[in-house]
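> The structure is given below, and queries will be raised subsequently.
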């Protein structure tokens, strides 16, 4: 089980050793070609040393963030009733990862998965291909791995329960995007038999989903905002948050985060 | 002979249930004890629950891997987790998205997997109480789960352990199950010592 950790070490050590072994040969050749100019060889060695040092520093500086969490439990009934959009479609691509700066100033990395819809069961998508925002990705030396985010594969067909928060207060932005409601709980993969199975449990999607009365209901756009307000009121009553925090959270529901475009 | 073999097979199947614990997807573990600093806005009862939670994990791991610092921090607006590492292991109650009851961000060394920093957030966007009262998430249960992520455990594949991925409202999961303990024991007494 320790194998992957060792492998990483070995790969880096091996690369560094390889470069260290090759370097003198390269330098020697250069030196043979220009025997008269030892200074040039020294300069070359110096450059190589600098490159290696920079490379090593960069590797050592890699920032790996691992995100896990305890998900709220959502039943199929919850997913049907509260999703803003329930749709079948195919993953057609992914965006470059980007930062979102929260209303408090901290940054986190997100990546959009492009989902081209072929059949809508509930709600109206804002476009034929929609952005499904997923936390995680890599930018420069920063990598964020989110264990709870379902891994959507390009070319694969899915049935997704999606929602649009429609309120601020954290990392939510005001542009058009969806999140997967319940994360793995709301992600169903189309199998070769044409049926949809949960991405995590492999449980088949109940056939009753396709005839649920919730599919004909109008989407309650303010549902998640009301839920947040109700949670803050509850948390004030149970003593989980103070009066001051309550005021702050309620006030921030209309304050949105900033998406930072990649250059 | 065949009957004996069948009996042995049956016995082994019953007495050795398949493990349900997992190590977190990107393996990490604690080398030097992680002391978490709670936000000063938590109540004394919640703090007691946090201390009790980490104590359970330490016992299961067979060593002091995680603790609650006597120092608190007063900034619940401080940057949390990924991309915002500041050297302080924080416990917070910030607003997170509606999908999580709690979240753990771990900053691990890319090569060794050692935890350099860890932050835990109890999502103020969900209903919490210091009990499993109807309609609320129990702070103790959520924190116990998150502390398991800090020490390197992923989600369990069966529903009984504390480390199962989902938690419902009105549910108290305050005691580590055999599978949770086995996971912590494995990471710190078997895997890390290989």
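> For chain B, take the longest principal axis of its alpha carbons; what is the angle in degrees between that and the long axis of helix B:44-61, to the nearest 10 within 0 to 90?
Approximately 40 degrees, to the nearest 10.
> Another one. Run a plain Debye calculation on the protein assembly as shown (Cα atoms as equal point scatterers, no solvent) and give log10 I(q)/I(0) at q = 0.06, 0.08, 0.09, 0.11 Å⁻¹, rounded to two decimals, same order as the q list.
-0.31, -0.53, -0.66, -0.93
> Let me confirm one metric for peptide B:119-127, namely the mean number of other chain beta-carbon atoms within 10 Å of its residues' beta-carbons.
If you average over the peptide's residues, the count of other-chain Cβ atoms is 6.
> Could you give me the radius of gyration and the Dmax of the stretch B:112-194, taking only the C-alpha atoms into account and expressing both in angstrom?
When restricted to the Cα atoms of the stretch B:112-194, Rg and Dmax are 13.9, 45 Å.
> Next up: Once all Cα-Cα distances of the stretch B:20-191 are split into 10 Å bins that start at 0, what whole-number percent is in each one?
Final binned percentages: 11, 42, 38, 8, 0.
> When DSSP assigns beta bridges and you keep just the ones with both residues in the protein assembly as shown, what percent turn out antiparallel, to the nearest 5?
Restricted to the protein assembly as shown, the bridges split so that about 75 percent are antiparallel.
> How high is the relative contact order of the stretch B:56-194, in percent, with contacts defined as C-alpha pairs under 8 Å that are six or more residues apart?
After rounding, I find 24 percent.
> If you line up the long axis of helix B:2-15 against the longest principal axis of chain B, both from Cα atoms, how many degrees apart are they, to the nearest 10?
Roughly 10 degrees, rounded to the nearest 10.
> Right, another one. Based on the Cα atoms of the stretch B:46-143, what semi-axes does the equivalent ellipsoid have, where each is the square root of 5 times one gyration tensor eigenvalue, given in whole Å with the largest first?
The three semi-axes for the stretch B:46-143 are 22, 18, 13 Å.
Every number in this text was worked out from the coordinates using simple rules, so none of it is lab data. Every value quoted in this text rests on a predicted model; they were computed, and no experiment measured them. Quick reminder, even Gly has a Cβ in these numbers, built from the backbone with ideal geometry, and neighbours come from all protein chains shown.
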